[in-house]
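The values are calculated or read from the model by the stated rules, or taken from the named source; none is laboratory data. As the structure is a computational prediction, the values presented were derived from the model and not from experiment. Cβ atoms come from the backbone with ideal geometry, glycine included; neighbour counts cover every protein chain shown.
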Amino acid sequence: MNINNSIDLSQMLSIVLPLIIIQLILMVIALVLCAKAEQTRGPKWMWILIILFGNMFGSIAFFIFGRRNEG
Amino acid sequence: MSVSAAHNGNVEKRSFNRTSEIGRFAAMVEKELLELLRSFKLLWVPLVFILLGIMQPVSSYFMPIILEQAGNLPEGVIANMPKPQGAEVLAQTLQQFGTLGVLVLALVCMGVVSGERNSGAASLILVKPISLYSYIGSKWTAMLVLTWGSLAAGYLAAWYYTGLLIGSVPFKDIVSSLLIYGLWLTLLVTLTVFFSTMLKSPAGAAFSSIGCIAVFSLLAGIFPKQLGWSPGALSGFAYQAVSASIMKGDYFGWAIVSALAIIAGALAAAVWLLRRSSSVE
């Protein structure tokens, strides 16, 4: 019954860490592109908030919908 | 003698033309890939697939703890919860790719032809001596590289994590289900390219192709006996291929053939539409 509780924090961290790192990479790419974009669809600060607080989906939404001059 | 020489010359000329057409096609593919790289699609789409792939095994590994923390369950339910099998988790991962992955891929590919046509870049390119086949074909090839690369990266990541956390699954099953599922996503991307040629609006292209894919798999799900040969059954075959109980049945080959036929037909139709509309303009 208590086997599940005995998973300690460091082990949990080592499992979850790659997820966090990939999310951070996505977020950084999105932020850099957002900062460099001449024109975004909608105000830029709104996209920065979406990217920062929308986790994976915020970054994806920016990649797909954020930039105007992109097919 | 002279006739044969002329004949030889003719053959040589023709083969030279063909190689140059292939050379042009390769150059076009290279340009498309460069564009994918410049827009960072070649980077973020695989990352999203890897994220989706890792998330499934991790969340099913932590599921008992999550449920326990939520604390609404009666005593003993969690202890008696069956542990998921590795193959089960991988089939769930494929389902994730089938929803979020399909959405991302369709949205990435939606503007592939219509975007260039709306901005006028297509007419600049098509002035050059490039056949419409290589124009559509190069875009399609680049998208396939993106699709298969992302799917393979995400699925292998999922396989690695499943083996680590839940239970190992033989690599053979992974490869076969990867190939079947890749064909399914290829169908999606091809339909998106086709609709992108047909419709001016990128969003319309994305949602038409997602709609087609959804209808395919819905019909194959409702009528498995009658429509087991249809391409909609492919995702189901992929789930079966990874769960060790392969019951491919008689229709498996037909599903592949029909999917390939639709892919070829959609590409030919895209070229035909492009030719018709560019001669009208």
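Quick notes
- Residues that are among the β-branched types (Val, Ile, Thr) and within 15 Å of the chain's Cα centre (by Cα), drawn from the range B:123-143: B:Thr141
- Contacts under 9 angstrom Cβ, first residue in the range B:219-231 being closer than 20 Å to B:Ser209 by Cα, partner small (Gly, Ala, Ser) and part of a loop (DSSP other than H, G, I, E, B), 6 or more apart: B:Leu219/B:Ser230; B:Ala220/B:Gly228; B:Ala220/B:Ser230
- Flag for A:Ser6 being within 12 Å of chain B (Cβ to nearest Cβ), modelled with pLDDT under 85 and at negative phi: yes
- Boolean, B:Ser230 is buried (at least 21 other Cβ atoms within 10 Å of the Cβ) and out of contact with any Gly (no Cβ under 6 Å at 6 or more places or on another chain): no
- Residue identified as in a helix (DSSP H, G or I) and either within 24 Å of B:Trp254 (Cβ to Cβ) or among the aromatic types (Phe, Trp, Tyr) (or both) among B:Ser123, B:Ser176: B:Ser176
- The range A:30-71, residues that are outside any helix (DSSP H, G or I) and either surrounded by 12 or more Cβ atoms within 10 Å (Cβ to Cβ) or more than 12 Å from chain B (Cβ to nearest Cβ) (or both): A:Ala37, A:Glu38, A:Gln39, A:Thr40, A:Arg41, A:Gly42, A:Pro43, A:Gly54, A:Arg67, A:Glu70, A:Gly71
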